[in-house]
Each structure stands twice: as C-alpha cells, then as structure tokens.
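A.B. asks: Following this message is one structure expressed as structure tokens.
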Amino acid sequence: MTRITTAGRAGAFLIPIALLLAACDGATSSGAPTASGGTSGATAAPPPSTGTVPSQAAAGSPDASFPFAIPSFDVSAITKGLENVDSYRISITVNGVEQYKGVVVTKPVLSRDLTISGGTRVVVIGDEAWVGQGSEPLKSVPSQMAAPMFAAFDPTMLVGMFSGPQWAQSSLDKGAEEKNGVQAHHFLIDSTTAVGGFSGVPPGASINVWIADEGYLVAWESTGFGGSDISIQVTGVDDPTNKVDRPA
C-alpha cells in the first residue's frame, strides 16, 4: 500500500522560519545567486514519472497537444510550467490555515514577495533577499538563507508523493472548466476512481487538480491523506499589477 506522509508537515514549516529570523540581525547580502524556478527555491524535486499509462480519459482528448502527458501527475512538470508565465499569485493552506501567500514575478529576474506562516515576510529579487516579521522593517539577509523557507513550501515537495503511473491510471477526467479565472482541465482521484487494485487512496480521501491549457498548475486540493488537507491556489497569472518592489 502506498504510504502518505503529510502529517506533521505544517509544523516543519516553522523550522526554517525560526532559523532565518535568528540570523537576520547583522546579516548582509552575500551576492550568492538563488535557485531558479517559478515556484520556489527548492532543487530537490521528485524525478519525473516514467512509463505512465494513459488515464481513463486520455484517449482522443484535446490534452494530446499539452506540453506534458495529462494526466501524468508528474508534479515537477506541472509546477515547472509556472516558470513560463510572467507573474502569478500563490496561496497554500494546510488544514484550512493559510501558510504561504504572495506574488512571484519571473522576468526579467526571478522575484518574490511572500508572507509565510505567522506573518514572516520574505522579499527576494534576483540574488538579494530581505526578511521581516509582522510590521518590522525588512532586513537584508544572505539570499541562500531564504532558500530553505521556499523549499518548505515548494508545491512540488508538498504534492510530489502523489506522482506516478498508479496515480495517473486512477485519475478521472472531469473535463474543462473555469478555475481561478482561467480555463483549466480538471482531474479527480478518489477511492471510486482507483483502478488495477491501487490502494493508495483511503476511503473518503480525494485529490482534485486543475491544469491550465498552457500547462501550469492552477489549483491542487487534496483531503483525507495522512491527516493533512492541502490547497494550492494560483491566481492572477500575468496580471500587470503583480510587482515585487525593492524594500526602502
């Protein structure tokens, strides 16, 4: 049986935050480059699934023209699609509590203005980073110190355990619909869609994922796995008001 290990992940989010805040005083920017990637600074994404068998709805569907196999649930490919948009807003909640929100601008340099967990704000522009708590002024920190915080909330890390052929084969195509203001393809996995004896979905658990026609993640909503319900919502894609300003 596939084992889902999301329980306790929300508590682990606080560890990199505490370490980063403790190092803020007296820290200066190191000039070291941050990791590239539209969703986070993490580099340990799960490997793409191989040998994926088409799902219940793949044959003859328009998704044959997508930049990756749908629904492959190769999460690294779905989240990587966000690197190809100019900007977006993202919100991640765990068990109904918002843990991470903000704006990401990918061009001309990768920039983020994010609020994490208990009010910690992190701004990263290229190889410069600033951190503050609540209403406190933002302080410059070495950019590589911010990377663990982004890694803790990387959508790929959060939902990567759901990738693979068995998940793809057990997905149900719900068709195209509007989600977060864009046209997206909706797929469902639950105990009623599981095929081939797949036992990775507990009774009452479900995953709903929406993928834009352009191949990026629009939303991920999973419930009933390991005691943690996860929601990832991407909005405001390429909205011209999305900006990351350098702290004064």
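The values are calculated or read from the model by the stated rules, or taken from the named source; none is laboratory data. The structure presented is a predicted model; accordingly, all values stated were derived computationally and were not measured. Please note: Cβ atoms are built from the backbone with ideal geometry, for glycine as well, and neighbour counts cover all protein chains shown. Accessible surface is based on the protein model in full, side chains and every heavy atom, while ligands, DNA and RNA are left aside. Shrake-Rupley method; radii C 1.70, N 1.55, O 1.52, S 1.80 Å.
A.B. asks: Would you check the accessible area of residue 220, probe 1.4 Å, heavy atoms only, in square angstrom rounded to 10?
C.D. replies: We get 10 Å² for residue 220.
A.B. asks: Ok, one more. Can you put 82, 172 in order of accessible area, largest first, using a 1.4 Å probe?
C.D. replies: Numbers: 82 0, 172 60 Å².
Order by accessible area, largest first: 172, 82.
A.B. asks: Keeping every protein chain in place, order 213, 173, 154 by accessible area at 1.4 Å, biggest value first, i.e. largest first.
C.D. replies: Largest to smallest exposure gives the sequence 213, 173, 154.
A.B. asks: Could you please report the charge total around residue 204, scoring K, R as +1 and D, E as -1 over all other residues with beta-carbon less than 15 angstrom from its beta-carbon?
C.D. replies: Here the charged neighbours net out to -3.
A.B. asks: To make sure I understand the rule: partners must be lysines, Cα under 27 Å from the Cα of residue 243, and not fewer than 8 residues away in the same chain. Which ones qualify?
C.D. replies: 80, 101, 107, 139, 179
A.B. asks: Provide, for q = 0.12, 0.13, 0.15, 0.22 Å⁻¹, the log10 of I(q)/I(0) from a solvent-free Debye sum over equal Cα point scatterers in the range 103-202.
C.D. replies: These q points yield log10 I(q)/I(0) values of -0.64, -0.71, -0.81, -1.08.
A.B. asks: Now a separate question. Can you give me the three principal axis dimensions of the range 175-238 from its C-alpha atoms, in Å, biggest first?
C.D. replies: In descending order, the Cα extents are 40, 24, 14 Å.
A.B. asks: Then there's this: At a 1.4 Å probe radius, carbon and sulfur cover how many percent of the accessible area of the range 135-228?
C.D. replies: Carbon and sulfur together cover 52 percent of it.
A.B. asks: Quick check: pseudo-label points 7 Å beyond the Cα along Cα→Cβ at residue 239 and residue 135, how many nm apart are they?
C.D. replies: My value for the distance between the label points is 2.5 nm.
A.B. asks: Another question, then. So how exposed is residue 109, as accessible area in Å² (1.4 Å probe, rounded to 10)?
C.D. replies: Its heavy atoms expose roughly 70 Å² to the probe.
A.B. asks: Related question: Would you tally the net charge around residue 84, using a Cβ to Cβ cut-off of less than 15 Å, leaving residue 84 out, and scoring K and R as +1, D and E as -1?
C.D. replies: That sum, taken over residues with Cβ under 15 Å, equals -3.
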